[in-house]
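J.: Sharing a structure here in structure tokens format.
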Amino acid sequence: MAGDDLNSPLGLGIGEQRFRIPLGLIGIVIITALVLTLGVWIAVVDAPYGGEPSAVVALNKTSVQGVSARDMEVVGIRPGVLTNEPGQASREGQKSNDGPRFAPALPPEGAELRPADGGSPALTTDPDPRISEKGRYGTLPRIADNGARALDFYARPFDTETIGVARIAIVVGGLTLSEAGTNLALTRLPSAVTLAFAPYGDNLKDWEVRARQDGHELLLQVPLEPFDYPDNDPGPHTLLVDLAHQQNIDRLHWLLSRITNYVGVVNEMGSRFTATQDSLQPVLAEIGRRGLMYMDDGSSSRSTAPSVANITGTPFLRADLQLDRNPSRDDIDARLLELEAVARTKGFAVGYASALPVSIDRISEWAKSLEARGLQLVPISAGVLYNNS
């Protein structure tokens, strides 16, 4: 009885008790043993799936035609090599006899895929010598002898098979000016979002490599003269209306040499410069001559860029909406919904935003459910393809 136990002197009555092991402790020991055995099996045996049949398949357009990405389960990704000629590796976007060929490099084995858009392969980080040349200030893009362009080589591949789906391209500018802002953008934004790099940031090549490895398509921001210049100065090497055409081209070459592996340029400011057709035309001609596209950020209603791009034959897109002109959470959300409406009406829409924390937060949240709403997030180069279709 409990009362007898309390009144007995310490040490007495021990011989009368039986040794018992709790059932719960026995269960814990068994489970621990099973877990340890499984861990040793996975570590030692090079078949953690227990002998489940597997295969390594080189995927291409013909081998997966009619099969949705949702019908495939990716167990592992290993780097592969595509070739156009025996013994010659094909890099992303390499031209073959049947036109542009998008064959991006895959991420290193074990690299973490981005969950925001299902993960994407890494893109090339070094300039391809066939579409590059040495300029006065560094490496410049050029059109290859067979007509291939940086716009083709450095573009991020996207699904072109889906019919009747409205597409949206988002460009976020101001990258590399702030280490914290750039890191936040690369951490949070889906890799289908196009990033626009400012030419003045520190560690440009390091940021470029990280962005490309994460699957982002890149634009270069080119500073153009605003109406209130020099009170509002975009920065060194700004293209100015009062400079001779060749001086502006020389400044443009300095800017273009700051990074590599980008598909085009986008204006930074430039309300006066883009309104002056005589100054803008030789610049857009040079951009097109180097195999790049030009994007107008949509900030100036007086921009002559659409008509000038048509004259020079330069691949061109204009942003339909600036998403964070009023950088508040509710306003950005409203502009994103407005952009969806534009896409459903036109089939393709372009939004532009700055790398502000609130902009990055709202775009990343918005993109998570975009596919469920019947829309597709695509890189900016997809708009050029759409315009030419």
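J.: Kindly evaluate TYR200 against the criterion of being of a type outside the set (A, V, I, L, M) and open to solvent by less than 60 Å² (accessible area, probe 1.4 Å). Write out each step before concluding.
T.: Working: of a type outside the set (A, V, I, L, M): yes; open to solvent by less than 60 Å² (accessible area, probe 1.4 Å): no.
In short, no.
J.: Count, please, the residues in segment 370-384 that happen to be in a helix (DSSP H, G or I) and crowded, with 19+ Cβ neighbours inside 10 Å. I'd like the intermediate steps shown before the answer.
T.: Taking segment 370-384 first, the residues in a helix (DSSP H, G or I) are 371-373, 381-384.
Those left that are additionally crowded, with 19+ Cβ neighbours inside 10 Å: 381-384.
Number of matching residues: 4.
J.: Condition first: more than 21 Å from LEU385 (Cα to Cα), charged (D, E, K, R), at pLDDT below 95 and part of a loop (DSSP other than H, G, I, E, B). Can you find one or more residues in segment 199-207 that meet it? Explain how you work it out, then say what you get.
T.: Taking segment 199-207 as the starting set, the residues that turn out to be more than 21 Å from LEU385 (Cα to Cα) are 199-207.
Applying the additional criterion that residues be charged (D, E, K, R) yields 202, 205-206.
Add one more test, that the residue is at pLDDT below 95, and what stays is 202.
Still in the list and also part of a loop (DSSP other than H, G, I, E, B): 202.
Yes, because at least one residue in segment 199-207 is more than 21 Å from LEU385 (Cα to Cα), charged (D, E, K, R), at pLDDT below 95 and part of a loop (DSSP other than H, G, I, E, B).
J.: Output the number of the condition that ARG210 fails; it satisfies all remaining conditions of (1) open to solvent by less than 40 Å² (accessible area, probe 1.4 Å); (2) in a helix (DSSP H, G or I); (3) at pLDDT 95 or above.
T.: Evaluating ARG210 over (1) open to solvent by less than 40 Å² (accessible area, probe 1.4 Å); (2) in a helix (DSSP H, G or I); (3) at pLDDT 95 or above leaves (1) as the failure.
J.: Kindly indicate the residue of segment 148-182 that is within 15 Å of VAL384 (Cβ to Cβ) and out of contact with any helix residue (DSSP H, G or I) (no Cβ under 9 Å at 6 or more places or on another chain) and also most open to solvent (accessible area, probe 1.4 Å) among those meeting that condition.
T.: The residue in question is PRO157.
The values are calculated or read from the model by the stated rules, or taken from the named source; none is laboratory data. What you are looking at is a predicted structure, and each value in this text was computed from that prediction instead of being measured. With ideal geometry, Cβ positions are generated from the backbone for all residues, glycine too; neighbour counts draw on all protein chains shown. Side chains included, ligands, DNA and RNA excluded: accessible areas come from the protein's heavy atoms. Shrake-Rupley method; radii C 1.70, N 1.55, O 1.52, S 1.80 Å.
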